[in-house]
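Here the structure comes first, spelled out in structure tokens, and everything after it is commentary.
The values are calculated or read from the model by the stated rules, or taken from the named source; none is laboratory data. These numbers come from a predicted model, not from an experiment. Cβ placement follows ideal geometry from the backbone for every residue including glycine, while neighbour counts extend to all protein chains displayed. These accessible areas exclude ligands, DNA and RNA; they are computed on the full protein's heavy atoms, side chains included. Shrake-Rupley method; radii C 1.70, N 1.55, O 1.52, S 1.80 Å.
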Amino acid sequence: EYCVQFWSRHHRRDVDKLERTWELQVTMKQGKQTVVELLGHQGCYLVVDPDGSVRCGKPASVQQSQFLLELHRSGKWTLQLLDSKKYLESDGEDVFCISRSPSPYQKWLPQLAMHVHIVLYNPTHQCYARADADLDRVWVDTPVPYLEECGFVLRFRNGMYHLETSSHKFVSRVEKLAKKPSAQTAFNLNLKPRCLAFLSDQDGCVLYPQGKRGRLCLGDNPKEEEEWFVIKRCPQWVSLKTKAQRYVSIICDMEVYAGSDKVTPKSVFHYEFDPDTSAVQLKTVNNRYLAQRKFKSIVANGRRMEPETNFRALWHYGKIFLQAFNGRYLGTMPFGLVVASAMHPGPGEAFGVRLANRSFLVLRGRYGYVGSSACHDVLQCNLLDPDCIELLPCKPGIYHFQAYGRSFWSLSSDGTFRTWGKFALNFCLEIQGSNILAVLAPNGYYMRGDRSGTLLADSEEATNECLWEF
């Protein structure tokens, strides 16, 4: 299930002061109706006491925590306590559950708590949405979301959602993409359990794929629930470049060579990370994994559960060393064949990593998103609405950071950042998990989110405050 935050009609995050994220758990289905529980911090639930007061805690019985969820065309929800039939509501200050009569005060606007950089998968068409910057259109036609154009930023402003493409244009009510957000790009996001959602305008029309090519546009007659999309995190696809400036690629369906001088669909890999074992797996666009086989060879014919597909990753200034199942490190033969033969990593075993499907980063840490604020002259790490950090590739594994449409990031002697630098600085990216990055700043320290809200580069190690969702 997905996690949400709740906004009342007063446009305030009200439930338990709503500095809280709630996991929506479906407990049962009653015909077309859904019964849910809201799981909060440290395993506590949203609980209604007999007097109608609302708190976060452990329910004495399920009658205190089970709600009947009703979805409205406006994208809002009502939550009715299953046992008493009373509605969860707010007066702008407190949250309570005392009335059985419907009113506007009982409608809640859920905001997705997941990271805003997403992909949209349509189960009916079994394809992902893809923005076409040349034609200013969005198509639902891509089986595997390895393209940068499959990524979108879902921005929440004034109770409405704006869908921003990878080229920083916006899906609009008119047929073409818009250059700036406006009333024409504002949509209701209609959510339901199982991570499904659709976008609708104020007139009740919905966005869904139409025509033979699956053009995403407004209409009022979707078939077979084709307006519903699964919202997923934007995946991390990477390319690997050798010391000889050649990209690791798949040839003849399964042979792994470093011979291409440019990135192609056969030279990008989905970087998967197991948080329990710290193992890394590299999946091709054909849904096969790189695996270490006989005679130290690396072949793209692995399946996910095979231990031979697990690698150990060591990062060094934006480059990666990959240790295979046999304990040896990946490198290349003189004719380009990738093998696992080196007992110890050296320059020949270092691969430059480049994010293959991202020209920008949206970073979220422990306290919020990274971006600029009108109240501060240094970059902050506790924002609700993020900045897009433009990535300018330099050497393999090294990037310059640039504010969108503006100048470069600059680094002060006290470790703070600003966005008015005249010169490009080098930042190293290290993938530390599933959609998790550590950023090594130009001063040799890791970028850290401070509790005060200031973004700093002052950590010698990649601690939890140095890890960023991207």
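The distance between label points at M305 and Q63 comes to 4.4 nm (points 7 Å beyond Cα on the Cα→Cβ vector). Answer with one residue from G444, C388, N301: the one whose Cα lies farthest towards the positive end of the charge dipole of the chain, charges on Cβ with Lys, Arg +1 and Asp, Glu -1. The Cα lying farthest towards the positive end belongs to N301. Extension gain, S99 to I436, is 116.9 nm, computed as 0.36 nm per intervening residue step minus the present C-alpha separation.
By definition, a body whose alpha carbon gyration tensor gives a ≥ b ≥ c is prolate when a/c is 1.5 or more and a/b is larger than b/c, and segment 330-387 fits this prolate description.
Accessible surface computed residue by residue for segment 340-470, with neighbouring protein chains in place and a 1.4 Å probe, gives 43 Å² per residue.
Rounded if a/c is under 1.5, else prolate if a/b is larger than b/c, else oblate: which is segment 237-355, with a ≥ b ≥ c the root eigenvalues of its Cα gyration tensor?
Details: a/c = 1.20, a/b = 1.08, b/c = 1.12.
Here segment 237-355 falls in the rounded category.
What you get for segment 4-112, charging only the Cβ of Lys and Arg (+1) and of Asp and Glu (-1), is a dipole of about 420 debye around the Cα centre. Positive end of the charge dipole of the chain (Lys, Arg +1 and Asp, Glu -1 on Cβ, about the Cα centre): tell me which of S84, G336, L120 has its Cα farthest that way. Of the candidates, G336 comes out farthest on the positive side. Dipole size of the chain about its Cα centre, with +1 on Lys/Arg Cβ and -1 on Asp/Glu Cβ: approximately 1060 debye, rounded to the nearest 20.
If you keep only loop residues by DSSP, which GluC sites (Glu not before Pro) in segment 175-271 have at most 12 other Cβ atoms within 10 Å of their Cβ?
Numbers: sites: E175, E224, E225, E226, E227, E255; in loops: E175, E224, E225, E226, E227.
Passing sites in segment 175-271 are E175, E224, E225.
Heavy atoms only, probe 1.4 Å: what % of the accessible area of the chain goes to carbon and sulfur, would you let me know?
Whole-percent figure for carbon plus sulfur exposure: 50.
When the residues C56, C375 are ordered by accessible surface, computed with a 1.4 Å probe over the protein chains alone, the sequence from largest down reads C375, C56. Under 22 Å from the Cα of K212, which lysines turn up, not counting those fewer than eight places away in the same chain? In chain and number order, the partners are K176, K223.
As an exercise, use a Förster radius of 41 Å and the Cβ-Cβ distance of E23 and Y404 to find the FRET efficiency, rounded to the nearest 0.05.
Details: r = 32 Å, r/R0 = 0.79.
That pair, E23 with Y404, gives E of 0.80.
I'm spelling it out carefully: the read-out is volume of the Cα convex hull per residue in Å³, the candidates are (i) 225; (ii) 170; (iii) 148, and one was derived from this structure. Which label? After the calculation, the listed value that fits is (ii). Of the residues S65, P104, Q42, the one whose Cα sits farthest towards the positive end of the charge dipole of segment 4-112 is P104 (charges of +1 on Lys and Arg Cβ, -1 on Asp and Glu Cβ, taken about the Cα centre).
Hey, can you rank 283-292, 140-149 by average C-beta count inside 10 Å, highest first?
On the way: 283-292: 20.7, 140-149: 18.8.
Descending packing order for the listed peptides: 283-292, 140-149.
Only protein heavy atoms count here; on that basis, with a 1.4 Å probe, R157 has an accessible area of about 80 Å².
Is there a pair in K107/K180; K76/K232; K179/K395; K169/K422; K192/K232 whose C-alpha atoms are over 24 Å apart, and which pairs would that be? Numbers along the way, then the final one.
On the way: K107/K180 30 Å; K76/K232 21 Å; K179/K395 31 Å; K169/K422 26 Å; K192/K232 14 Å.
From K107/K180; K76/K232; K179/K395; K169/K422; K192/K232, over 24 Å: K107/K180; K179/K395; K169/K422.
Check each of the GluC sites (Glu not before Pro) in segment 364-470 and keep only those in coil by DSSP with at most 11 other C-beta atoms within 10 angstrom; list them in order. Working shown, then result.
On the way: sites: E390, E430, E460, E461, E465, E469; in loops: E460, E461.
Loop-located and lightly packed - E460, E461.
Which of rounded, prolate, oblate describes segment 117-233, given a ≥ b ≥ c as roots of the alpha-carbon gyration tensor eigenvalues and a/c under 1.5 marking rounded, otherwise prolate only if a/b is larger than b/c? In terms of gyration-tensor shape, rounded.
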